[in-house]
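Remarks on the structure that follows.
The values are calculated or read from the model by the stated rules, or taken from the named source; none is laboratory data. This one's a predicted model, so the numbers in the text were calculated from it and none came from an experiment. Because the Cβ atoms are built from the backbone with ideal geometry, glycine has one as well, and the counts that use them run over all protein chains shown. Heavy atoms of the whole protein, side chains included, go into the accessibility calculation; ligands, DNA and RNA do not. Shrake-Rupley method; radii C 1.70, N 1.55, O 1.52, S 1.80 Å.
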Amino acid sequence: MTAIDAVRPMPWHGLFHRLASGQDRRSSSERELTETTLSSAVYTDPARYQTELALLFRRMPLCLGHVDQLSEPGSVLAREIGGLPLLLVRDRDGSIGVFLNSCRHRGARLVTEDGVLCHRSSLSCLYHGWTYDLSGALVSVPRREAFPTLDMAARGLRRLPSTVRHGLIWAVLDPAQADAPDMADYLGEIDVELAALGLAGHHFFRQHAVQRAANWKLIVDGFIEFYHIKRLHATTIGRFFADSMAVADHVGPHQRMLVARDGFADACALPPEQWSPQLHGTLVHLIFPNTILVFHPDYVSHVGIFPASPDQTLFVHTMLTPNRAHDEKARAHWDRSFDLIDGQVFNDEDLFICEQIQRGLVASASDELLLGRLEGNVRRFHDTVTATLA
Ligand code: FES
Ligand SMILES: [Fe+2]
């Protein structure tokens, strides 16, 4: 067992019961449905994309990473998310701040290396040398007499409302919002589950960020349906899973999914407190709108899916491990896992397919896509997006 509280009844126990009994979660009216369709315009329409950016990505709390990546005071990470240049900073007191990576003089970026962890004692602008401390306060202006009316206290970096919960950094990308997001409320029952899975105690091991030519929702779709695992992933991870054997719960706008691994039937004979959502099944969370957590047997994948344009998406995959990799053997083990999951499964298979689909959609190869009965989570996700935009 990994770092799981196996004593109390856990939210995933219900998923095990349903998966074991072959019980279908859908209502009788839903079960009667055969297939549904999805307009291809949801992946290509620039006007819809702008609405998604405004109503989903500037209003909802987004997960920007795990605190352990910024392990020491002075750790700084710049990342452009949804068209906004952001700075994640660990202050001297250990707290994490999320700022706009934009100097309050004339807007130059304070940290120009995007996606590269750096260490700074302060943040100094290359252009004219204005300097901010790690709390974002403006502390130094060269030739101060050139700004006789400057109120330095009012010219700190623009801070975005953010909080840390379960070791994850959540922010609302709207500097006009004052309040940090209430993540316990937003996550609902998933909040209990992330606590039980010990995510806060996990360690940052490795990260890969890449921009790929597909709409962000195509990428989400690929993480919430399991019909493709035995086909697309036939030569990589397909052998570890039963075919399309999965159940899902809808937790507010989020989804909690359990996919049966091979040997699931044997696990059903164990007492429920021994059911592992990592060894016997693979637990997957979609935290609406764009965060995916995958609980692999001995590590966790956090996937952030950040739109850059209607047909470009920044894909950030972080491997979180239950223990720190102390020696070469442990590092080699997790490196091999990362190379398989990130390199082959996510990038060469899932994202490759998403780009193929996007190219077809842009070329108007089909004006609608078909969703079968094994793809109900995709239907649910798109319905949630549409309802939120409305
Ligand atoms: S733009 Fe930063 S100091 Fe001028
Ligand atoms: Fe996949």
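Take MET60: with every protein chain present and a 1.4 Å probe, its accessible area is about 30 Å². In loop segments of region 96-193 as defined by DSSP, the GluC sites (Glu not before Pro) with at most 16 further C-beta atoms inside 10 Å of their C-beta are GLU113.
Among rounded, prolate and oblate, which fits region 244-390 when a ≥ b ≥ c are the square roots of the eigenvalues of its C-alpha gyration tensor, a/c under 1.5 means rounded, and a/b larger than b/c means prolate? Oblate is the answer for region 244-390, as a/c is 1.5 or above yet b/c matches or exceeds a/b.
Taking the Cα centre of the chain as origin and assigning +1 to Lys and Arg Cβ atoms and -1 to Asp and Glu Cβ atoms, the resulting dipole is close to 860 debye.
When cysteine pairs in the chain are screened for C-beta atoms closer than 4.7 angstrom, the residues that find no partner are CYS63, CYS118, CYS268, CYS354.
So, counting K/R as plus one and D/E as minus one, what does the shell of residues with Cβ under 14 Å around ASP179 add up to? Overall, the nearby charge balance is -1. When the chain is described by a simple charge dipole with +1 on each Lys and Arg Cβ and -1 on each Asp and Glu Cβ, the residue from HIS254, PHE16, GLY82 located farthest towards its positive end is GLY82.
For PHE306, the accessible surface of its heavy atoms amounts to roughly 10 Å² (probe 1.4 Å, protein chains only, rounded to the nearest 10).
Here region 329-390 is treated with +1 on each Lys and Arg Cβ and -1 on each Asp and Glu Cβ, and its dipole about the Cα centre works out to around 260 debye. Placing unit charges on each Cβ (+1 for Lys and Arg, -1 for Asp and Glu) gives the chain a dipole about its Cα centre, and among PRO73, GLY263, ILE292 the Cα reaching farthest toward its positive end belongs to PRO73. Farthest toward the positive end of the dipole of region 63-185, out of LEU168, PHE99, LEU157, is the Cα of LEU157, where the dipole comes from beta carbon charges about the Cα centre. A Stokes-Einstein calculation at 25 °C with viscosity 0.890 mPa s, built on the Kirkwood radius of the chain over Cα pairs, returns a diffusion coefficient of 110 µm²/s.
Return the calculated 222 nm mean residue ellipticity for the chain, to the nearest 500 deg cm²/dmol, obtained by summing -39500 (n - 2.57) across DSSP H runs with n ≥ 4 and dividing by the residue count. Walk me through the intermediate numbers first.
Numbers: 11 runs with 88 residues, N = 390.
Mean residue ellipticity, 222 nm, calculated: -6000 deg cm²/dmol.
Accessible area ranking (1.4 Å probe, heavy atoms, ligands and nucleic acids excluded), largest first, for HIS105, HIS13: HIS105, HIS13. Counting only protein heavy atoms and using a 1.4 Å probe, the accessible area of ASP266 comes to about 120 Å². Atom-type composition of the exposed protein surface of the chain places 51 percent of the accessible area on carbon and sulfur (1.4 angstrom probe).
Let me check against my output: what whole-number percent is the relative contact order of the chain, with C-alpha pairs under 8 Å and at least 6 apart?
21 percent.
Counting alpha carbon pairs within less than 8 Å and at least 6 residues apart, what relative contact order, in whole percent, applies to region 236-390? Worked out over region 236-390, it gives 14 percent. Charged side chains reduced to their Cβ positions (Lys and Arg at +1, Asp and Glu at -1) give region 82-208 a dipole of some 800 debye around its Cα centre. Legend: residues LYS217, LYS329, sorted from most to least accessible area (1.4 Å probe; ligands, DNA and RNA excluded), read LYS329, LYS217.
Of the trypsin sites (Lys or Arg not before Pro) in region 76-151, the ones in a loop by DSSP (not H, G, I, E or B) with at most 13 other beta carbons within 10 Å are ARG92, ARG106, ARG143.
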